[in-house]
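Take a look at the structure set out below.
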Amino acid sequence: MSRKKKHKVTIRKISAAEAPSAQVVANDVLRDRRAEAARLKAQGAEVNADKRTGEILGAWRQDVFTIMRSRKGKPSAEYPKGKPSLSQRAYEAFRAHETDIQLAAGASGGERRPDFIRATTDGAPGQNITQEAIDAATRVKKTLQHLCPSDARLLSILMTGEKALAKNWRATVEAETGETADEGQTARIRALGENLIHARCVASAKPKTVANDAQPVEPHQKKVTWFRGPDFG
């Protein structure tokens, strides 16, 4: 009986030069993240990134609403550090209206075609619309109806494309209102924000329901309280 010769297995260690270390991979990721942050900043965005890992936590572009909310006016007894140029309620109203526009365009549904609005939940694939989108579109429409025509036009154009961004908003206000003074343009946005608060409250109010015992009465159901003609005295 013969015995098979056992072969000795040799495990060769891979040198650092042959395989990238974890540190090298981390450096590659860090470099890519920093490059992406630089690209966003070049487009005018504010970038919030982790200083240690370079991970981008958030990126946004300054618009007139953010600028006015953070800008302080002259100090007073009530506001020692200066009152913001835009109230918190007005700022939130602008953001809520902006969100409604995005929802109405199908931002919350992958099957929603942004360029096709339907007043039903039935339809072919890609044409369905959620109740959330319908409600948002209704609020947008009612909000604009409860603003004066000049406010409605200014709000609509500010919500279009890049018209409200830091580099564009003054030109937008001047084109829509004819206001050229810096303080006058700021005041126009401030007034629009306060009017928007009211318009959204009205647009978001639920309709009053009619009680069952207060249903409209048909003409033939009304009690007769007078007569006409010689035969009835």
- [ ] Starting from the Cα-Cα distance between Glu36 and Arg71, subtract it from 0.36 nm times their residue separation and give me the gain in nm to one decimal.
- [x] 9.7 nm
Task: Amide hydrogen neighbours beyond the local backbone of Asn168, cut-off 5 Å, H modeled - done: none
Task: Ranking of Val140, Val29 by count of other Cβ atoms within 10 Å, fewest first - done: Val29, Val140
Task: Val173, Val202 arranged by Cβ crowding within 10 Å, fewest neighbours leading - done: Val202, Val173
Open item on the list: To make sure I understand, if each residue's beta carbon is the centre and we count other beta carbons within 10 Å, what order do Arg89, Arg33, Arg200 fall in, fewest to most?
Closed with: Arg89, Arg33, Arg200
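Throughout, read-outs are computed from the coordinates displayed, never taken from laboratory work. Note that this is a predicted model, so its numbers are computed, not measured. We place every Cβ from the backbone using ideal geometry, glycine too, and count neighbours over all the protein chains shown.
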